[in-house]
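Chemist: Got a structure here, written out as structure tokens. Questions coming.
The values are calculated or read from the model by the stated rules, or taken from the named source; none is laboratory data. Predicted, not measured: the structure shown is a model, and the values here were computed from it. Neighbour counts run over all protein chains shown; Cβ positions are idealised from the backbone, glycine included.
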């Protein structure tokens, strides 16, 4: 038995051909454009057959009779028992012109060709999209009843099916698959489509929140999902068992799931927070269309919507399916498959395979160079306070990655020592002595930077001063607040604002500000330090809004406690679990690679949420820690720290990794 298949290189077609070739002695002819002739060898290797059984027929679907030459038509006449037409544009994001050319004109061309070679039957693989956005249950014997199919994807699917019904002179069958996802046993998929558009959103949620955190989801309409192996097996079985007699078969899940259920199942598969409470998306329908249209006419609203959708990789049209109104009857399909052992598997049973395959092979982030070298190689990076601690560890990481690494600090001896360390490791720093707390010296340093390097590509505002002292011990030490603000806020701004004009001119640049977890938790005994960092955070939020459209981005890192010389005077930190400078440098590298708005630990986010939702409880918790941990000897002006911690304090030290007390 001989077959002809269009779309044999596609996701479904490739697997259907493999299925057909399992029959002994069969031959499969498949349409292949001449420019794609190089794909034939790989396809035959996948199918496990030679060119004698998988025969490429060169042509073009959008040409008359598929652009196949007269000689080939003559050879194939009367030789093809089953003609499968799968070639189509299945992409919601495709432009209307290409969808019309392939889905409508291509189907007409395929019908003409199948008629010309006198194929025994014509099997048209349509889509449930042919029903449009029909309100209610759409049966297999329904077609003209379709409604609300103005979208190019729905319309071209509907019109292509009409061509088969009206113009095909040989026996035909229509198959309407639901949204096709990966293989139920392997998870294999070839592109991001349909439900996969939500995978990145689920992944983001998983990174931010623990899996036990309850989430609120949209209930939405019913969405029908089927794995590719069910579609292929059903298509193969029904086309051979049931004669082509103008019937339509819905290759759908007889159950179907609400959008919220699908997202919850996928969240479970991803080990992300589950959606335990659902809000019906239909409630959003109370907003009049005129109001929605008016909002979308506003440039800021459009920009925000487009930015969110682009960031998540979700096409705007996918929102059409949130309130999808159609359910699909499939009694003809179930009857045809009776006794075959073929049935649609439960999504709960194979969702984890879909997720695993997507995260290993299809996640867009896999195809982006997310290495530090790929981000900063050949770029100028300035790290203030780069002669020790976090700054020095960061400088080593960036220089090793090929960046032109500039460090500055007040102590020339420390700068020299840092440069020797770098040289011993096979790379180099460019060191400048500069006092960031001195505005005049800042200006001098910036002019030097611009003259020597033309500005910078990445600015790491790391230089800072921390003071751990209770307010009641600071009544006569107002200078603590002044000098902390001078370096942590004014000095940082002076450097940043001096370099921003150059970044603006180049329309690119990234600024990383090292803030503190204390800004989120409002840590006691750090009022001077936290206030200066909070001021920097506020300025950064304003700057981010102003420079968002000129290619300049900002990241704030609410850094947890790091074991650096800055915390050395506080001896009680000797028993507190802290980050190593190298771990802190990793966070800075992430900030430059991914350019998030903020990097914070879960502990910091939890503290921020507590202060927002339960401020009184948060105050009690922080006051308890304040009373539990005394001022250090340095803060009291004593030479040694003889204070002993209680057992409760020691326990809390171990529990609260990285928090400032």
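Chemist: Which of the residues belonging to the range 371-422 are assigned to a loop (DSSP other than H, G, I, E, B) and either free of Cβ contacts under 8 Å to residues at least 12 places away in the same chain or touching a helix residue (DSSP H, G or I) at 6+ places or on another chain (Cβ under 7 Å) (or both)? Walk me through how you get there before you give the answer.
Modeler: If we filter the range 371-422 for residues that are assigned to a loop (DSSP other than H, G, I, E, B), which is where we start, we get 371, 377-379, 385-388, 401-403, 410-411.
Within the range 371-422, 385, 386, 387, 388, 401, 402, 403 meet the criteria.
Chemist: Scan 31, 61, 16 and give me the residue that is part of a loop (DSSP other than H, G, I, E, B) and crowded, with 20+ Cβ neighbours inside 10 Å.
Modeler: 61
Chemist: Find the residue count for the range 579-631, including only residues that are in a helix (DSSP H, G or I) and either at pLDDT 85 or above or touching a strand residue (DSSP E or B) at 6+ places or on another chain (Cβ under 7 Å) (or both).
Modeler: So the answer is 15.
Chemist: A follow-up question, please. Give the number of residues within the range 148-163 that are in contact (Cβ under 8 Å) with a residue 60 or more places away in the chain and assigned to a loop (DSSP other than H, G, I, E, B).
Modeler: 1
Chemist: Within the range 401-417, which residues are surrounded by fewer than 20 Cβ atoms within 10 Å (Cβ to Cβ) and under 18 Å from residue 438 (Cβ atoms)?
Modeler: Across the range 401-417, the qualifying residues are 410, 411, 412, 414.
Chemist: Can you find a residue that is touching a residue at least 40 places away in the same chain (Cβ under 8 Å), surrounded by 19 or more Cβ atoms within 10 Å (Cβ to Cβ) and within 19 Å of residue 531 (Cβ to Cβ) anywhere in the range 500-512?
Modeler: no
Chemist: Additional query: For the range 186-305, please list each of the helices (runs of 4 or more DSSP H) lying entirely inside it that holds at least 3 residues being over 26 Å from residue 22 (Cβ atoms) and modelled with pLDDT of 85 or more. Before the answer, list the steps.
Modeler: Working: elements: 199-208, 228-241, 259-269, 289-296.
By residue number, 199-208, 259-269.
Chemist: Next up: Looking only at the range 451-470, decide whether some residue is surrounded by fewer than 21 Cβ atoms within 10 Å (Cβ to Cβ), without any contact (Cβ under 8 Å) to a residue 60 or more places away in the chain and touching a helix residue (DSSP H, G or I) at 6+ places or on another chain (Cβ under 7 Å).
Modeler: no
Chemist: Would you check which residues across the range 47-58 are in contact with a helix residue (DSSP H, G or I) (Cβ under 7 Å, 6 or more places away or on another chain) and either closer than 19 Å to residue 85 by Cα or part of a helix (DSSP H, G or I) (or both) and list them? It would help to see each step written out before you state the result.
Modeler: Residues of the range 47-58 in contact with a helix residue (DSSP H, G or I) (Cβ under 7 Å, 6 or more places away or on another chain): 47, 50-51, 54, 56-58.
Matches in the range 47-58: 47, 54, 56, 57, 58.
Chemist: Name every residue in the range 99-136 that is part of a strand (DSSP E or B) and modelled with pLDDT of 95 or more, in order of residue number.
Modeler: 122, 123, 124, 125
Here's the yes/no breakdown for (1) out of contact with any helix residue (DSSP H, G or I) (no Cβ under 9 Å at 6 or more places or on another chain); (2) outside the structural domain of residue 594 (by TED's automatic domain parsing); (3) within 30 Å of residue 597 (Cβ to Cβ):
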residue: 190; (1), (2), (3): no, yes, no
residue: 194; (1), (2), (3): no, yes, yes
residue: 200; (1), (2), (3): no, yes, yes
residue: 214; (1), (2), (3): yes, yes, yes
residue: 236; (1), (2), (3): no, yes, no
residue: 239; (1), (2), (3): yes, yes, no
residue: 244; (1), (2), (3): yes, yes, no
residue: 249; (1), (2), (3): no, yes, no
residue: 257; (1), (2), (3): no, yes, no
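Chemist: Between 105, 91, 95, which is over 21 Å from residue 231 (Cα atoms), surrounded by 13 or more Cβ atoms within 10 Å (Cβ to Cβ) and in the same structural domain as residue 117 (by TED's automatic domain parsing)?
Modeler: Numbers: 91 fails: over 21 Å from residue 231 (Cα atoms); 95 fails: surrounded by 13 or more Cβ atoms within 10 Å (Cβ to Cβ).
Answer to the selection: 105.
Chemist: With respect to the numbered conditions (1) within 35 Å of the chain's Cα centre (by Cα); (2) surrounded by 24 or more Cβ atoms within 10 Å (Cβ to Cβ), which one is the sole condition not fulfilled by residue 128?
Modeler: Here residue 128 clears every test but (2).
Chemist: Another one. Taking the criterion of being surrounded by fewer than 16 Cβ atoms within 10 Å (Cβ to Cβ) and modelled with pLDDT of 95 or more, would at least one residue in the range 385-400 satisfy it? Steps first, please.
Modeler: First, pick out the residues of the range 385-400 that are surrounded by fewer than 16 Cβ atoms within 10 Å (Cβ to Cβ): 400.
Next cut, modelled with pLDDT of 95 or more only: 400.
So far as the range 385-400 goes, yes, one or more of its residues are surrounded by fewer than 16 Cβ atoms within 10 Å (Cβ to Cβ) and modelled with pLDDT of 95 or more.
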